[in-house]
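Asker: Attaching a single structure in structure tokens format; questions to follow.
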Amino acid sequence: MTLLAIALAGPLRKAGAADAAAVLPQTVHFPSADGKTQLTGYLFAPAGAGPHPAIVMLHGRAGPYSINVNARCTQVGPGVASACDAAALTQRHRAWARYWSQRGYLALHVDSFGPRGVAHGFGRHTHGAPERAATNELDVRPLDAEGALAWLAARSDVARERIMLQGWSNGASTALNVMIRQAMHPPAAGAPAFAAAIAFYPGCGPRALLSQSPRIDRPLQLLLGSADEEVSAEGCKRVMRQVQLAVGAEPPVVTTYAGATHDFDDPGARRQAIEANRTALGDARMRLGPWLDQVRSLP
């Protein structure tokens, strides 16, 4: 695969205070499908009255907030004062939300950790740690995504048949599990469903996914780095080769970027100092918008 220069996707630069204020999202609250958790979300709205296509965004194991502020954060929710709020979202999450809203999508970033008292997130090599069980990607966070889907589908400014899903790392594993659940147990007629999903460098091992030979019935993209230091790109490719496609479904699109690391789309200076990461981010920005534009009218 030939990757085009990042210049095609626009320049990368550090977001300043003016940028943060310009894209400061609306803070919203809605129930998880677990029936007990009130979630916090950050809503980036496009121009115009809609109805708009929408995309639900799922953070990774470090949480949605900048490491500059999140160390002491615990609870996030209505009436709770916290340094972890809309202004503290990471550069990556703001950048992707801006990318989608500029394309006409309503972007909803879901905080699964803050409402459960762990807004600080988790460090590397903590997968399987007991303290992560309450926010796991198998049977907890998928219900958060499904709650976000239901909340968006009820809005008059959302095209309910055009709701997408995007996740990173642990959130990408969650996104894959959401699509597996949806294919295994299709929603009732008239009920909302995710129309497509994008997974950035998910964990794909048996502890991360509901199935190692999953059924898939909607368009799916995986974006992986061959030099990923946290998850196995080869493991994800193996699982995708074993996918059981529903009738009429297209095979998942799997892209592996040579030399790219975990978090290759983080626009911060450290990750973007690696040429392979810059190339990967440029290619992802160039391709993903047009790809979702083509599948967003799926019934």
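Asker: Between Ala81 and Ser226, what is the label-to-label distance in nm when each label sits 7 Å out along the Cα-to-Cβ direction?
Answerer: Placing both labels 7 Å along Cα→Cβ, they lie 5.2 nm apart.
Asker: I need the helices of the chain that pass two filters: whole DSSP H segments spanning 24 Å or more by Cα along the axis, and mean Kyte-Doolittle score no lower than -1.0.
Answerer: Numbers: long enough: 275-295 (30 Å, -0.58).
Span-like helices in the chain: 275-295.
Asker: Next question, about the same structure. State, to one decimal in nm², a quarter of the convex hull surface area for the C-alpha atoms of the chain, i.e. the direction-averaged projected area.
Answerer: About 14.5 nm², averaged over all directions.
Asker: How high is the FRET efficiency from Arg124 to Gln102, r the C-beta distance, R0 25 Å, rounded to 0.05?
Answerer: The computed FRET efficiency comes out at 0.20.
Asker: While we're looking at this one, here's another question. What percent do you get for the relative contact order of segment 29-88 when only Cα pairs under 8 Å and 6+ apart count?
Answerer: 28 percent
Asker: Sticking with this one: Cut-off 10 angstrom, C-alpha nodes, Gaussian network model of the chain. Which of Gln272, Gln221, Gln102 fluctuates the most?
Answerer: Gln102
Asker: If I take every Cα pair under 8 Å that is 6 or more residues apart in segment 175-285, average their sequence separation and divide by the length, what percent do I get for the relative contact order?
Answerer: 24 percent
Asker: Of the beta bridges DSSP finds with both residues in the chain, what % are antiparallel, to the nearest 5?
Answerer: On the way: 12 of 38 bridges.
Percent antiparallel among DSSP bridges in the chain is about 30.
Asker: How large, in percent, is the carbon and sulfur part of the accessible surface of the chain at a probe radius of 1.4 Å?
Answerer: 54 percent
Asker: Using helices alone, what [θ] at 222 nm do you get for the chain, with -39,500 (n - 2.57) per DSSP H run of 4 or more residues, divided over all residues and rounded to the nearest 500?
Answerer: -8000 deg cm²/dmol
Asker: For segment 208-295, report the convex hull volume of the alpha-carbon atoms normalised per residue, in Å³, without decimals. Each step should come with its number before you reach the end.
Answerer: Numbers: hull volume 8.3 nm³, N = 88.
Enclosed volume per residue, from the Cα hull, is 94 Å³.
Asker: Could you tell me what percent of the DSSP beta bridges with both partners in segment 150-296 are antiparallel, to the nearest 5?
Answerer: Antiparallel: roughly 0 percent of the beta bridges in segment 150-296.
Asker: Hey, what does the equivalent ellipsoid look like for segment 65-210, semi-axes from the Cα gyration tensor as sqrt of 5 times each eigenvalue, largest first, whole Å?
Answerer: In descending order, the three semi-axes are 24, 20, 14 Å.
Asker: Might you tell me the accessible area per residue for the chain, computed with a 1.4 Å probe and given in Å²?
Answerer: Heavy-atom SASA per residue in the chain reads 42 Å².
Asker: Here's another thing I want to ask about it. From Cα pairs below 8 angstrom and at least 6 apart in sequence, can you work out the relative contact order of the chain, rounded to a whole percent?
Answerer: 20 percent
Asker: Okay, next question. Roll a 1.4 Å probe over the protein heavy atoms and report the accessible area of Phe122 in Å², nearest 10.
Answerer: Probe radius 1.4 Å; accessible area of Phe122 about 20 Å².
Asker: Distance in nm between label sites at Leu138 and Val28, each 7 Å beyond Cα in the beta-carbon direction?
Answerer: 3.1 nm
Asker: Tell me, in nm to one decimal, what length is gained between Ala246 and Ser211 on full extension, where the rule is 0.36 nm per residue of separation less the Cα-Cα distance?
Answerer: 11.1 nm
Asker: If Lys36, Lys237 are ordered by their accessible area, calculated over protein heavy atoms with a 1.4 Å probe, which sequence runs from highest to lowest?
Answerer: So, going from the largest accessible area down, we get Lys36, Lys237.
The values are calculated or read from the model by the stated rules, or taken from the named source; none is laboratory data. Computed from a predicted structure; not experimentally measured. As a convention, Cβ positions derive from the backbone with ideal geometry for all residues, glycine included, and neighbour counts pool all protein chains shown. Surface accessibility is based on the protein's heavy atoms, side chains included, excluding ligands, DNA and RNA. Shrake-Rupley method; radii C 1.70, N 1.55, O 1.52, S 1.80 Å.
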